Amino acid sequence: MKKATTQLANRVRELILNGTWIANSKLRGQLSDLTVEQAITKIDALNTIATLTFHLHYYIEGMIEHSYYHLGQIVLIKKMISGKKQD
């Protein structure tokens with residue numbers, strides 16, 4: 001059990017603090033420079049970054065792989081918001 005707990009803790013640390021497995025990014029890096037306006041910007045039928053972040057926080061204990069999926073979504077939505085501002 002201790003090994004499983006250690007692995008889970010390592011995965012959470014990787015996802016939030018220092019991992020680069022998804023889109024060469026980590027959650028903290030994607031959210032640290034995010035404005036409230038960006039977080040609540042709706043792009044078509046996609047969830048907002050604020051909604052995804054809440055979802056991640058709520059499920060992070062039991063669904064690490066699912067969290068990686070949403071980190072990828074956050075990276076893509078953030079790029080779409082940046083591209084929209086340049087138009």
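The values are calculated or read from the model by the stated rules, or taken from the named source; none is laboratory data. Keep in mind that what you see is a predicted model, and the values were worked out from it rather than measured. Just so you know, the surface numbers come from the protein's heavy atoms only, side chains and all, with ligands and any DNA or RNA stripped out. Shrake-Rupley method; radii C 1.70, N 1.55, O 1.52, S 1.80 Å.
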Filter region 11-55 down to residues that are open to solvent by 30 Å² or more (accessible area, probe 1.4 Å), more than 15 Å from Gln73 (Cα to Cα) and not in a helix (DSSP H, G or I) and give me whichever is modelled with the highest pLDDT. Thr35
If we scan region 57-64, do we find a residue that is of a type in the set (Phe, Trp, Tyr) and at pLDDT below 75? yes
